Amino acid sequence: MEIATEAFILVRSINAKLYRKYLAFYIYLTVVFLIDLLRLSVLTLRPSVYPPFYWYTEFLHACFGYAVILEIYKNALNKSSGVARIARTFLWGVLTAVILKVTWNAVSGPVWSPGTTSAELERDLRTVQAILLAGIIALLAYYVVATGRNLKGIIFGYSAYIYACVVSLAFGSLPGYGLRPGWRLVQPIAYLAALLIWSYTLWSYSPNPATETESKIERDYKLIAEKTRRALARARSLLKLGGEL
């Protein structure tokens, strides 16, 4: 069902010419679609190697999923160039920090396990994505930023899936998780629900409503930026004065 729904969304994106509007999201969905086809082939032909293969590909799944976060922030803050620039720098910094942390843990550990490293990277990336999604949702709600049906669908569907991943991975770290196989269904069910949400909300292009006036978030950004420039100017003046004394 997931593979069929993914194929449907991708084909529809071509017919509706949506892939140009949300390129990172559709690249992510294409990668996931190819990964699912590979997983199905491995599960059918070589079921014994499926568990390690799953974790190797799940690492790619999580990394490309970060592109969806970048897409969400880009489109949600497209009317606030200053805030969008800071958010973009922050997001890339967080991704780099997570990868470096997991790499350091893998290298400094007594035994290196590719599967364990992939699972740790997925857990950390999913947790970071959940926090970042909560942040953009809170930002949009606080500043009452108008969003179109497409962006709302991407945010809502991906958020439901990410929070289900965090819950599933949290239970996966508990002793006796194997005795609770029902929790293993949370993640695929949530992903299928996300796909159905995307099928509906991405049926046709629905841009964010245009705003004629400057947004409140951009005004606040300019105010904070101006105060920061003044504080830095005063600090430089004091340092210069101290040097002369």
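Between their Cα atoms, which of Lys17/Lys101; Lys17/Lys79; Lys79/Lys101 are more than 30 Å away from each other?
Going by Cα-Cα distance, Lys17/Lys101; Lys79/Lys101 fall outside the 30 Å limit.
Working out 0.36 nm times the residue gap between Ala231 and Tyr142, then minus their Cα-Cα distance, what length gain in nm do you get to one decimal?
Once the chain is fully extended between Ala231 and Tyr142, it gains 29.4 nm.
Using 0.36 nm per residue of separation minus the Cα-Cα distance, give me the extension gain between Thr96 and Tyr205 in nm, one decimal.
36.0 nm
Values in this text are rule-based calculations from the coordinates and carry no lab data. The structure displayed is predicted, hence computed values, not measured ones.
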